[in-house]
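The values are calculated or read from the model by the stated rules, or taken from the named source; none is laboratory data. Only a predicted model underlies this, so the values are computations on that prediction, with no experimental measurement involved. Cβ sites come from the backbone with ideal geometry, for glycine too, and all protein chains shown count toward neighbours. SASA here: full protein model, heavy atoms, side chains in, ligands and nucleic acids out. Shrake-Rupley method; radii C 1.70, N 1.55, O 1.52, S 1.80 Å.
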Amino acid sequence: KLKSTTFSELNLRERYDIQEWIDGNPDILGENLLIIGKEVILSSNIRLDLLAIDRKGSLVIIELKRDFSGSNVD
């Protein structure tokens, strides 16, 4: 049996650890995705962690949170 842990307890960071892991292995999200952008800044100055495209050509926004941030995420 594995012990439950968190990304914080493992000292993993969103941008440099988790984001790079997902970028290199997008299949861990359970979808067939192609990552097409990292740290994409929109004209509204909103930053997307990862931007992907699915099999149907739909854009997929991937927002990463290492822990509960206490703030709203749209």
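Among the residues making up the stretch 36-74, those that are modelled with pLDDT under 90 and within 10 Å of the chain's Cα centre (by Cα) are Glu63, Leu64, Lys65, Arg66.
Selection over the stretch 1-59 of residues that are in contact with a helix residue (DSSP H, G or I) (Cβ under 9 Å, 6 or more places away or on another chain) and either free of Cβ contacts under 8 Å to residues at least 24 places away in the same chain or open to solvent by less than 90 Å² (accessible area, probe 1.4 Å) (or both) gives a count of 17.
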